[in-house]
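Read the structure below first, then the notes.
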Amino acid sequence: MQKEPLLEIRNLTIHFHTFEGRARVINGIDLVIGKGESVALVGETGCGKSITAKAILGLLPPNAEVVSGSILFQGQDLLQLKGEELRRIRGRHIAMIFQDPSTALNPVFTVGEQLMDVLVHCDDQGSVQRWRTRRPVAMLRQRCVDMLRLVRIPDPESMMGRYPSELSGGMRQRVLIALALLQRPELVLADELGTALDVSIQDQILQELKDLVRTQGMSVLYITHNLGVARMVSDRVYVMYAGEIVEVALTHALFRRQFHPYSQGLLAAVPRLIGSIGEGIEGRIPDYVSPPPACRFEPRCPYRMPVCCEVRPPLREVESGRWVACHLYPASGGDSS
Amino acid sequence: MSFRTYLLRRLLHIIPALLGLSILIFVLSRVVPGDPARLALGPDATQEQVEQLRREMGLDKPLVVQYLRYMGGLFRGDFGFSLRTRRNVAQDIKEFLPATVELTTVAMLFAIALGVPLGVLSAVRKDRPEDHISRILALIGVALPRFWLAILLQLLFAYYLGILPTIGRGPAPPVRLTGIYLLDSLLALDFRAFLIALKHLILPAFALSVGSLAQIMRLVRANMIEEMRRDYVLAARSYGLPERVVIYKYALKNAFSSALTVIGLSYGFLLGNAFLVETVFAWPGLAFYGVDSLLFKDLNAVVGVTIVIGVAFAVVNLLVDIAYGYLDPRIRYET
């Protein structure tokens, strides 16, 4: 069932030093992405999804501190890597598709120049080797054009000479995907892909990316607040709440039945075409400087029990392939591997 | 609106601006107290002589008639007669303008060549010692009076160290084509003369540039800090681009284009401050000439110099607009 892991996050804890004090934003999360697997990380805005992705790439803001944990990628702990080693991982092995196509492209360079820069500056080994293996510009350019064609940009040749400001949102998003996939990474982090676009284009792009990564054998971590997106593109779903993973399940299983009260609330909050708009969950994400002592969802939970503010519920396997961090569910049969 | 139409419009805007400038300086030069004819002829001249000169100069006519006459001459390239140098003002300007153009241009180049890298350094090393040092230097640069700095530079480099000349532009290169010594010596392939001209330029140009340098540095720093926070910088890093490309190519091009406007404006400050520096370094430039003319109430010279400087300022700002469009495609493609 479980595929060979490509990326393994173990007990990752990240604190932010803020004016108000130490914000415990990521609180010991575990996350595994198998080879060729598409995983969705779902949660509401501000729950730490993007921080997790940035931590993988080592692109946390300066006031963030990784307190503990490890991020193993192909057996190497990314958190132990120095600047230059990490840079060689970025883009080439793990790439990120940014969420806002209007700000993630550099406004003053053409699409072609931005693509070419990635190939020219990132594909190098040492300077000696670069000199020996330097490939002609025309060849690199062809690679860029091919990649634009792969992300279904019409007339990729002329696209190379265009500036981002000349493009529609959908086209910019495709260019961002091309930039991320250009070095054929093993793992792609898609942060709120298409959220800034209108729904029909978002669906189209997601579908295309899904097909693309499948044919290229890439693994993807989709970060989204939209359960519909998660259902469409992922094999497995991690539900995140306030910097903790509260439920892990195969996608189809999760949509059949949700165990954690937060997952239930999240699904109930989805507006449907027929009937009323969703119910929503009472309250808001807790303050990270002084979070609830045990279960972080306890203040908003409709089923809260006395134990919920005393003991932090561990993530336990309650049935095969399903982990839940909630006192409502005792571990199944004791085998938790 | 295409970028070409935009530039054309900017070009057309220059015309009313210069007209306004000419009216303003024309009126101002004539309402300040003192009689130019009396000043020119000296205290021994008789009242009749003074009156006659006034008539010759047309000073007895109404202001509007004087102005229209003057502008009529201007369009034929006639700047009028200078009472002080006893030549046509156009000739004076031709002689003194290149020296000032050379001085201010080199000063501007200094300001950009030093201000931009220091600003970037300050932004990248924000709140570290390098940043604090550059910022303190920038503050000092803005605060120091130019003439005082000029004298200090003369003392240190010319008097104590003796490695740079104290005053003047040095000997003129053998061929005079533009009057800009650096250019003339280069065109004549006379590198010795080029070096001499450069040596004479270093101190005055640096003294003149300090204010703009500090201004550019502060602006580039602020813009860079802002740009470095943007998504595209994070995205560029996520593709694995080396930090030098992210900073000096991706962020700087964005930060610099917004600094450009200020560079254009600061050229005006350079022209204004050129007088102080030209005085200290005995630099035979237009600013020096203009102020002398002003003290002498040499009306035609004052108006002529002002208009020429106004044109220079307008041209530089037009160049800035062109550069702006080159650096930032959003300007070029704006509809």
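Here are some notes:
- Only residues that are facing another protein chain (nearest Cβ under 7 Å), over 25 Å from A:V137 (Cβ atoms) and not in a loop (DSSP other than H, G, I, E, B) were counted in segment A:88-113, giving 1.
- Checklist (1) more than 14 Å from chain B (Cβ to nearest Cβ); (2) among the basic types (K, R); (3) touching a helix residue (DSSP H, G or I) at 6+ places or on another chain (Cβ under 8 Å) applied to A:R24, failing item: (3)
- Selection of segment B:58-80 for residues being crowded, with 16+ Cβ neighbours inside 10 Å and in contact with a strand residue (DSSP E or B) (Cβ under 8 Å, 6 or more places away or on another chain) yields B:F79, B:G80.
- For segment B:209-218, the count of residues that are within 14 Å of another protein chain (Cβ to nearest Cβ), β-branched (V, I, T) and assigned to a helix (DSSP H, G or I) is zero.
- Residue identified as crowded, with 21+ Cβ neighbours inside 10 Å and modelled with pLDDT under 90 among A:G48, A:G58, A:G21: A:G48
- Residue-level check: of (1) within 26 Å of A:G321 (Cβ to Cβ); (2) within 15 Å of the chain's Cα centre (by Cα); (3) at pLDDT 90 or above, A:V246 misses just (2).
- Residue in segment A:158-170 that is among the aliphatic types (A, V, I, L, M), at pLDDT 90 or above, surrounded by 19 or more Cβ atoms within 10 Å (Cβ to Cβ) and out of contact with any helix residue (DSSP H, G or I) (no Cβ under 6 Å at 6 or more places or on another chain) present: yes
- Yes/no for B:L53 being free of Cβ contacts under 8 Å to residues at least 40 places away in the same chain, more than 29 Å from B:Y326 (Cα to Cα) and touching a Leu at 6+ places or on another chain (Cβ under 9 Å): yes
- Only residues that are aliphatic (A, V, I, L, M) and either surrounded by fewer than 23 Cβ atoms within 10 Å (Cβ to Cβ) or not in a helix (DSSP H, G or I) (or both) were counted in segment B:272-298, giving 6.
- Sole exception among (1) out of contact with any helix residue (DSSP H, G or I) (no Cβ under 9 Å at 6 or more places or on another chain); (2) part of a helix (DSSP H, G or I) for B:A138, by number: (1)
Here is a yes/no grid of residues against (1) in contact with a strand residue (DSSP E or B) (Cβ under 6 Å, 6 or more places away or on another chain); (2) away from chain B (no Cβ under 14 Å); (3) assigned to a loop (DSSP other than H, G, I, E, B):
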| site | (1), (2), (3) |
| --- | --- |
| A:C144 | no, no, no |
| A:E157 | no, yes, no |
| A:G170 | no, yes, no |
| A:A180 | yes, no, no |
| A:Q183 | no, no, yes |
| A:A190 | yes, no, no |
| A:S200 | no, yes, no |
| A:D203 | no, yes, no |
| A:K210 | no, yes, no |
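- Matching entry among A:T195, A:T224 (being more than 14 Å from chain B (Cβ to nearest Cβ) and not charged (D, E, K, R)): A:T224
- Candidate set: segment A:61-72, residues that are within 23 Å of A:Y222 (Cβ to Cβ) and within 14 Å of chain B (Cβ to nearest Cβ); chosen: the one modelled with the highest pLDDT: A:A64
- Taken across segment B:152-173, residues that are on the phi < 0 side of the Ramachandran plot, surrounded by fewer than 21 Cβ atoms within 10 Å (Cβ to Cβ) and within 19 Å of the chain's Cα centre (by Cα) do not occur at all.
- Look at (1) in a loop (DSSP other than H, G, I, E, B); (2) polar (S, T, N, Q); (3) at pLDDT 85 or above and you find that A:Q264 fails only one, number (1).
- Checking each residue in segment B:226-235 for being in a helix (DSSP H, G or I), more than 7 Å from chain A (Cβ to nearest Cβ) and not acidic (D, E) picks out B:M228, B:V233.
- Count - residues of segment B:231-252 that are free of Cβ contacts under 8 Å to residues at least 24 places away in the same chain and either surrounded by fewer than 22 Cβ atoms within 10 Å (Cβ to Cβ) or not hydroxyl-bearing (S, T, Y) (or both): 14
- Every listed requirement among (1) more than 14 Å from chain A (Cβ to nearest Cβ); (2) at pLDDT 85 or above is met by B:V245 save one, (1).
Here's the yes/no breakdown for (1) touching a helix residue (DSSP H, G or I) at 6+ places or on another chain (Cβ under 7 Å); (2) farther than 26 Å from A:L267 by Cβ:
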residue	(1), (2)
A:L197	yes, no
A:K210	yes, no
A:Q216	no, yes
A:N226	no, no
A:R231	yes, no
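- Only one entry of B:A255, B:A301 meets the criterion of being in contact with a helix residue (DSSP H, G or I) (Cβ under 7 Å, 6 or more places away or on another chain), under 30 Å from A:A55 (Cα atoms) and either crowded, with 21+ Cβ neighbours inside 10 Å or within 14 Å of chain A (Cβ to nearest Cβ) (or both), and that entry is B:A255.
- Of all residues in segment B:258-275, those that are within 13 Å of chain A (Cβ to nearest Cβ) and touching a residue at least 40 places away in the same chain (Cβ under 8 Å) total 1.
- Where B:L219 falls short, out of the listed (1) under 30 Å from B:Y326 (Cα atoms); (2) at pLDDT below 90: (2)
The values are calculated or read from the model by the stated rules, or taken from the named source; none is laboratory data. Just so we're clear, the structure is a prediction, and the values are computed from it rather than from any experiment. No Cβ is skipped: glycine too gets one built from the backbone with ideal geometry, and neighbour counts run over all protein chains shown.
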